[in-house]
Amino acid sequence: MRALGDGLLWDLAPEQGWSSSTEAAVLLLPGVGGGPADFAHWIRHLTPGFRILSARCPRRTGGAAVDPVLGPATGLTEPAGGLAGLAARLADLLTQHITEPLLIFGHSMGAALGYETAWQLAHRRQPALALHACAALSPPEYAELDLNSRAMDDDTLTGLATALAIPLPRGKHTQRHQEALRAVRADLALIDAYEYGPCPRPLDYPVTVWSARDDTVIPTASARRWQPMSRHPITHHTLPVAHHCLNTPQAIEPITRALRREGL
């Protein structure tokens, strides 16, 4: 893995991504508390052919609980505007470092970040090919949330993480647990600061929504609320998985097949 710029954007397979056989790029965005390492099993499904990118949100301080591969990222600070502000920074990096046609995939919170990044790229006249959202609320639903995460004490935040099925290391007083909790708090703060705006902002290309059949976090009705995010009819699939599905073949295989069909 290699950072592109300030540590927000990462190339997950640089030795393959710079190959002359690369025809497209895919941006993989994790959910709350996650990071680029969540997509370790996706690389073999998307290479050769794709340059594989991911994002690492702010307030990661290193340690195995956060990301055992990437190490410290203390230079990243939380942007103004929550997810929308982070998307603007991410779009700037993508325009600087990527020349290939781009697809965007986001899981949970990462889907809202993916939508805002896609919107920012369109305004830079470098639109993506498509957006895929998995186990996610629609962007307006994320903007409606008021979690007040910064005011939560650690016990309350741990309880919320449990309710959201976010995996945390055991031992709440260990360094690994505290680092993972810090990442969750920072990501929830991005959601708290996020404002979608008063009007729909549809993308000019398709949006595919992947629902998790056994999801205890995201209501099934959220899938249809993605329709205003595109000028085209959305494509909706249901997978036999739970909310946290990035390591499961039942999610990886159909999603990467769909990405390959659209990008290659």
Original post:
Which of the residues that make up region 91-112 are of a type outside the set (S, T, N, Q), under 21 Å from E141 (Cβ atoms) and outside any strand (DSSP E or B)?
Top reply: M109, G110, A111, A112
**OP:** Please work out which one of (1) surrounded by fewer than 20 Cβ atoms within 10 Å (Cβ to Cβ); (2) touching a residue at least 60 places away in the same chain (Cβ under 8 Å); (3) among the charged types (D, E, K, R) is the condition D187 fails and give its number.
**Re:** (1)
Subject >> Test for R201: is it modelled with pLDDT of 90 or more, assigned to a loop (DSSP other than H, G, I, E, B) and among the charged types (D, E, K, R) >> reply: yes
Original post:
Do you know which of the residues in region 50-75 that are surrounded by 18 or more Cβ atoms within 10 Å (Cβ to Cβ) and on the phi > 0 side of the Ramachandran plot is modelled with the highest pLDDT?
Top reply: R59
Original post:
In region 205-254, how many are within 15 Å of H41 (Cβ to Cβ) and in a helix (DSSP H, G or I)?
Top reply: 6
Original post:
H244: farther than 19 Å from R201 by Cβ, open to solvent by 30 Å² or more (accessible area, probe 1.4 Å) and in contact with a Gly (Cβ under 9 Å, 6 or more places away or on another chain), yes or no?
Top reply: yes
Subject >> Hey, H173 open to solvent by 70 Å² or more (accessible area, probe 1.4 Å) and farther than 20 Å from L113 by Cβ or not >> reply: yes
**OP:** Consider R231 carefully, then state whether it is touching a Leu at 6+ places or on another chain (Cβ under 8 Å) and open to solvent by 50 Å² or more (accessible area, probe 1.4 Å).
**Re:** yes
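The values are calculated or read from the model by the stated rules, or taken from the named source; none is laboratory data. The structure displayed is predicted, hence computed values, not measured ones. Counting neighbours? That spans all protein chains shown, and the Cβs are built from the backbone with ideal geometry, glycine included. Side chains are part of the model used for accessible areas, which takes the heavy atoms of the whole protein and leaves out ligands, DNA and RNA. Shrake-Rupley method; radii C 1.70, N 1.55, O 1.52, S 1.80 Å.
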